[in-house]
Amino acid sequence: MRSSSELAEIEEIKQLKARYFRGLDTKNWPEWRRVFTDDVEIIVDLAVSSGGGDGHPLPHPIGGDAFVAHISEMLRDMSTVHHGHMPEIALTGPETATGVWSMEDHVRQPDGRDMHGYGHYHEQYRRQDGDWRIARMHLTRLRLDFTGPWPEGEDAIVAQQKLSVPSQG
């Protein structure tokens with residue numbers, strides 16, 4: 001049985017994830033930045049993945065500042081809705097924890113194309129400056145539904161990557 005202090009730590013991590021979703025969908029980038037460690041590592045699969053493999057992960061910069069700058073630019077003209085459900089959180093040490101969250105997201109492109117995704121966030125948490133933060137996150141996909149003029153098959157993944165990755169020029 002978990003102690004009241006362990007339950008309080010788990011509740012803090014749940015509140016952290018709630019701030020993640022709210023900050024992302026409201027595009028409150030300074031608040032969203034505060035949910036990540038300075039050296040956060042993020043992996044987001046763009047396709048249905050099998051046990052975390054073959055999910056065509058989107059390349060992201062490492063580190064909280066770089067990641068938030070990248071995502072804020074990528075989502076600038078998009079509307080998003082993210083939900084997290086049924087957290088499985090384990091304290092692995094006094095300053096570390098892991099979690100798995102069932103998730104659902106809707107992303108609407110400015111031209112009306114929609115992506116509706118389902119999957120899991122696989123996360124590692126670490127205390128930084130006294131607060132729980134996300135240190136590593138891997139979003140795996142169970143299902144992706146597209147509406148609007150998305151190309152079929154593998155081309156849809158390539159099209160998403162082109163839309164999602166800023167040019168290096």
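Descriptive notes on the structure:
- Scanning segment 77-132 for residues that are acidic (Asp, Glu), closer than 23 Å to residue 25 by Cα and more than 13 Å from the chain's Cα centre (by Cα) yields a count of 5.
- Inclusion of residue 104 among residues that are farther than 20 Å from residue 6 by Cα and surrounded by fewer than 18 Cβ atoms within 10 Å (Cβ to Cβ) is warranted.
- Sole exception among (1) loosely packed, with under 15 Cβ neighbours inside 10 Å; (2) within 24 Å of residue 66 (Cβ to Cβ); (3) at pLDDT 90 or above for residue 121, by number: (1)
- Among all positions in segment 97-105, there is no residue which is at pLDDT below 95 and of a type outside the set (Asp, Glu).
- Wholly within segment 1-117, strands (runs of 3 or more DSSP E) carrying at least 1 residues that are under 17 Å from residue 132 (Cβ atoms) and in contact with a Leu (Cβ under 9 Å, 6 or more places away or on another chain): 36-48, 96-108
The values are calculated or read from the model by the stated rules, or taken from the named source; none is laboratory data. These figures come from a predicted structure and were not determined experimentally. Because the Cβ atoms are built from the backbone with ideal geometry, glycine has one as well, and the counts that use them run over all protein chains shown.
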